[in-house]
Amino acid sequence: MSKKWIIPDIHGCLRTLKFLMENQIKPEIGDELYFLGDYIDRGPDSKGVIDYLMSMQAAGHHMRLLMGNHEDYCIKAWEEDKKHKGFLGLRSKTKIQKEWEIYGGEQAMESFGVESPREIPEKYIDWMRKLEYFVLTDDYVIVHAGLNFKAEDPFTDTRSMIWIRDYRVDSSKIRNRRVIHGHVPVNLEFIDMCINQPGYKFIDLDNGVYFNDRTGYGNLVALELTEMRYVVQSLMDEVSFKAG
């Protein structure tokens, strides 16, 4: 029987992702793999993470890849930097680049070996642009951050899908599906509670993989939907980013 795995925020932690995929998930071609976004920033190898996911796509794995707010930041920083004109041969950072760097964009650019967003090869930007905002199954809404249930139709607000942090689920607007998301790091105890209480309306899978100094955090968690079981991969990367 094929498996359905959901993998949340990777944040440039390639070694951790590879350990999770190759030692715990061990996906077969017939399995379904859902990635919740935030592949880049903070960890040491954003480029390597995207290359790894691209190689899995090329090998024929069934993958649904969602947009995260960090990919959104990267795309916008790249686009603004491309339009930005220097003065007397000098180029200053755009406002969006400065913001992106605060949240891990600096580490992402280092992984690409570049000093400005505009130098990131366009194939990676195109890959990010093609990411989906949500996936619907019979029982779940799979999304990066969540949904704006104050809207008449939550599926019209794509910005909230990648940025929202606080929301109250209105099950009537999503046909009683449970929401599965990442984006907001929570501890393992809370993740376990979300998964193992069927009446809980959402499941947050983000354990803050780059938090290498917080008890209950610092892992990459993956949820298998057919058996509702999860696996935990501890951080294997050297992370220099410090969250504020």
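The values are calculated or read from the model by the stated rules, or taken from the named source; none is laboratory data. The structure displayed is predicted, hence computed values, not measured ones. Here the Cβ is made from the backbone with ideal geometry for all residues, glycine too, and neighbour counts use every protein chain on show.
Taking segment 130-188 only, how many residues are among the aliphatic types (A, V, I, L, M) and part of a loop (DSSP other than H, G, I, E, B)? Total meeting the criteria: 9.
With respect to being in a helix (DSSP H, G or I), in contact with a Gly (Cβ under 7 Å, 6 or more places away or on another chain) and not small (G, A, S), Y103 falls outside the description. Applying the criterion of being among the charged types (D, E, K, R) and part of a loop (DSSP other than H, G, I, E, B) to the residues of segment 84-96, the residue that is modelled with the highest pLDDT is K93. Among the residues examined, F202 qualifies as closer than 19 Å to I7 by Cα and at pLDDT 95 or above.
Of all the residues in segment 143-188, those that are small (G, A, S) and at pLDDT below 95 number 0. In segment 200-244, the qualifying residues are those that are polar (S, T, N, Q) and assigned to a loop (DSSP other than H, G, I, E, B), and the one that is surrounded by the fewest Cβ atoms within 10 Å (Cβ to Cβ) is T215. Remark: I195 falls outside the filter, which requires a residue to be in contact (Cβ under 8 Å) with a residue 12 or more places away in the chain and part of a strand (DSSP E or B). Of the residues making up segment 84-104, those that are surrounded by fewer than 16 Cβ atoms within 10 Å (Cβ to Cβ) and either closer than 20 Å to D41 by Cα or of a type in the set (S, T, N, Q) (or both) number 5.
For segment 105-116, does any single residue satisfy the condition of being out of contact with any Phe, Trp or Tyr (no Cβ under 6 Å at 6 or more places or on another chain), surrounded by 19 or more Cβ atoms within 10 Å (Cβ to Cβ) and of a type in the set (S, T, Y)? Within segment 105-116, one or more residues are out of contact with any Phe, Trp or Tyr (no Cβ under 6 Å at 6 or more places or on another chain), surrounded by 19 or more Cβ atoms within 10 Å (Cβ to Cβ) and of a type in the set (S, T, Y).
Among the residues here, G30 does not qualify as touching a residue at least 60 places away in the same chain (Cβ under 8 Å) and among the small types (G, A, S). Only one of the numbered conditions (1) touching a residue at least 40 places away in the same chain (Cβ under 8 Å); (2) in contact with a Ser or Thr (Cβ under 9 Å, 6 or more places away or on another chain) is violated by R178, and that is (1). Among residues of segment 138-164 that are on the phi > 0 side of the Ramachandran plot, those with a beta-carbon under 6 Å from a residue that is surrounded by 16 or more Cβ atoms within 10 Å (Cβ to Cβ) and assigned to a loop (DSSP other than H, G, I, E, B) at least six positions away or on a different chain give the pairs G146/I164; G146/Y167.
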